[in-house]
Amino acid sequence: MILLLSFSFRNTPQRIREYFAFENEDKERLLKSLCNDELIDEAAILNTCNRTEIYISTGNEKHTGSIINLILEKCEEIIGTDIENLRDYLIFYTGKNAVSHLYKVSAGLDSMLIGEDQILGQVKDTIEFARECNTAHIYLNTLFRDAITEAKKIKTETLISKSGVSTATLTLRAAKDVVDSFDGRSLLLIGASGKIGDIVLKNALSYDFSHIYVTKRRHNIDMSPKVTNRVSIIEYNDRYKYIEDADVIISATSGPHFTLTKDHIQDNIILGNKKVFIDLAVPCDIDERIRNLDNIYYYNMDDMKKFADENNEKKKMSIEKASFMVDEGVEKFLKWALFQENLKVFSDATESLEKEMARIGKKKTLEHLFYKIRDNGSLEALQSIIDIFSV
């Protein structure tokens, strides 16, 4: 059985999700700790800015409650604190619902922004990391592989990812709603060499910002001739020096501490000048208290949801088709899993049929088998057999 615990933007506020923004070292500890327990066979953790989901494969279906308790206890051990009313923020799925959820997540159907592309890469990273930790084997490997394959098919055959395909894309739309136009405006981007920051930078270059200032931690920023006249790479420690000149400030790092604090921001701007601060990090990069400053517009990942809703409304027909494809993929996986779990039954049945054929012949053996299906199987099972042989 597949079981999963989900803390996502749907029911978990950002202040709680921040606790579950595990670094790789903590994820590895948690995965191995879970799989060391006899109730859990396999485990994988999907960790993004909008969700943390823990996927489990177990043969102990009767102990679902104990497994959930165990997972929460292990999480709080890693976090280092007990979170008040933690279960209020939790959604858990089992069996078919768990499988269906992963398919929807992989295809971007459960994202804040329907059809976002980034989630598929994060799902791939999730199973690869679990394999490296030796906590993903036949069931989770097959589940994630099939979910990824179906997601690619959905993105190819529907329009679900054809517009507004990432939170990073919506970020600039949100900023533009405030400043009206980027013409003559400048952007400060903190964390441009991260995954989200890189997407924001590429999108920003398609707009008419007069100049873009970026901080970097790695030398992976495109600095081709067409870019160098518009982009300046600055030292992270100099970030506050550029806040006064910037109209839009976006931070998207993976660090555990604020990149921008309220006091330092106040010391480096002229109060009253209109500025947009957008925080794309979990945990937060920017001190939320700046919301109270005059003419300062602040958005974080929770705020971005309203900007995603309009985009999602336009995709209703694609969502319906994608949902149908998800259902087909889920059924295919569940049939594989049912067959896998009953290999011994089929092996024993084959051996029994071989002995019966040797005793009374092939024709009578098959006739007896069909009569047994008729007399002991469900109406649906009998119809399935008829359908198979009627093709």
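The rows are residues; the columns are (1) assigned by TED's automatic domain parsing to the domain that holds His257; (2) in contact with a Phe, Trp or Tyr (Cβ under 7 Å, 6 or more places away or on another chain); (3) at pLDDT 95 or above; (4) of a type in the set (A, V, I, L, M).
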site: Asn50; (1), (2), (3), (4): no, yes, no, no
site: Ile54; (1), (2), (3), (4): no, no, yes, yes
site: Gly65; (1), (2), (3), (4): no, no, no, no
site: Asn69; (1), (2), (3), (4): no, no, no, no
site: Lys74; (1), (2), (3), (4): no, no, no, no
site: Ile79; (1), (2), (3), (4): no, yes, no, yes
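What residue, of Val276, Val326, is in contact (Cβ under 8 Å) with a residue 40 or more places away in the chain, touching a Phe, Trp or Tyr at 6+ places or on another chain (Cβ under 6 Å) and not assigned by TED's automatic domain parsing to the domain that holds Gly191? Selected residue: Val326, the only one of Val276, Val326 that is in contact (Cβ under 8 Å) with a residue 40 or more places away in the chain, touching a Phe, Trp or Tyr at 6+ places or on another chain (Cβ under 6 Å) and not assigned by TED's automatic domain parsing to the domain that holds Gly191. In the stretch 257-274, which residues are over 24 Å from Arg15 (Cα atoms) and charged (D, E, K, R)? Listed by number, the residues that qualify are Asp267, Lys274.
In the stretch 132-167, the qualifying residues are those that are touching a strand residue (DSSP E or B) at 6+ places or on another chain (Cβ under 9 Å) and surrounded by 15 or more Cβ atoms within 10 Å (Cβ to Cβ), and the one that is farthest from Ala204 (Cα to Cα) is Tyr139. Being surrounded by 11 or more Cβ atoms within 10 Å (Cβ to Cβ), modelled with pLDDT of 85 or more and assigned to a helix (DSSP H, G or I) is true of Glu331.
Of the numbered criteria (1) in contact with a Ser or Thr (Cβ under 9 Å, 6 or more places away or on another chain); (2) at pLDDT 85 or above; (3) hydrophobic (A, V, I, L, M, F, W, C), the one Ile243 fails is (1).
What number of residues within the stretch 1-30 satisfy the criterion of being in a helix (DSSP H, G or I), of a type in the set (Phe, Trp, Tyr) and more than 28 Å from Val330 (Cα to Cα)?
The number of residues fulfilling the criteria is 1.
Which one of these does Ile78 not meet: (1) assigned to a loop (DSSP other than H, G, I, E, B); (2) within 28 Å of Asn36 (Cβ to Cβ); (3) aliphatic (A, V, I, L, M)? It is condition (1) that Ile78 fails. Contact annotation: residue pairs with Cβ atoms under 7 Å, 6 or more positions apart or on different chains, pairing a residue in the stretch 369-391 that is closer than 19 Å to Phe346 by Cβ with a partner that is of a type in the set (Gly, Ala, Ser), are Ile373/Ala381. Would you point out the residue of the stretch 283-306, among those that are in contact (Cβ under 8 Å) with a residue 12 or more places away in the chain and over 25 Å from Gly255 (Cα atoms), that is surrounded by the fewest Cβ atoms within 10 Å (Cβ to Cβ)? Residue satisfying both the conditions and the ranking: Asp294. Could you tell me whether any residue of the stretch 124-133 is part of a helix (DSSP H, G or I), modelled with pLDDT under 95 and among the aliphatic types (A, V, I, L, M)? No, because not a single residue in the stretch 124-133 is part of a helix (DSSP H, G or I), modelled with pLDDT under 95 and among the aliphatic types (A, V, I, L, M).
Does Tyr298 qualify as being at pLDDT 90 or above and more than 31 Å from the chain's Cα centre (by Cα)? Steps first, please.
Values: at pLDDT 90 or above: yes; more than 31 Å from the chain's Cα centre (by Cα): no.
Considered against the rule, which asks whether it is at pLDDT 90 or above and more than 31 Å from the chain's Cα centre (by Cα), Tyr298 comes out as no.
Being of a type in the set (A, V, I, L, M, F, W, C), assigned to a helix (DSSP H, G or I), within 18 Å of Asn134 (Cβ to Cβ) and touching a helix residue (DSSP H, G or I) at 6+ places or on another chain (Cβ under 7 Å) is a condition met by at least one residue of the stretch 31-39.
Please verify whether Tyr207 is at pLDDT below 90, surrounded by 14 or more Cβ atoms within 10 Å (Cβ to Cβ) and within 26 Å of Ile296 (Cβ to Cβ), treating the condition exactly as stated.
yes
Restricted to the stretch 90-107, and to residues there that are among the β-branched types (Val, Ile, Thr) and assigned to a helix (DSSP H, G or I), the residue that is farthest from Cys49 (Cα to Cα) is Val99.
The values are calculated or read from the model by the stated rules, or taken from the named source; none is laboratory data. Please read all numbers here as calculations on a predicted model, not as lab measurements. For neighbour counting, all protein chains shown are included, and Cβ atoms are generated from backbone atoms with ideal geometry for every residue, glycine included.
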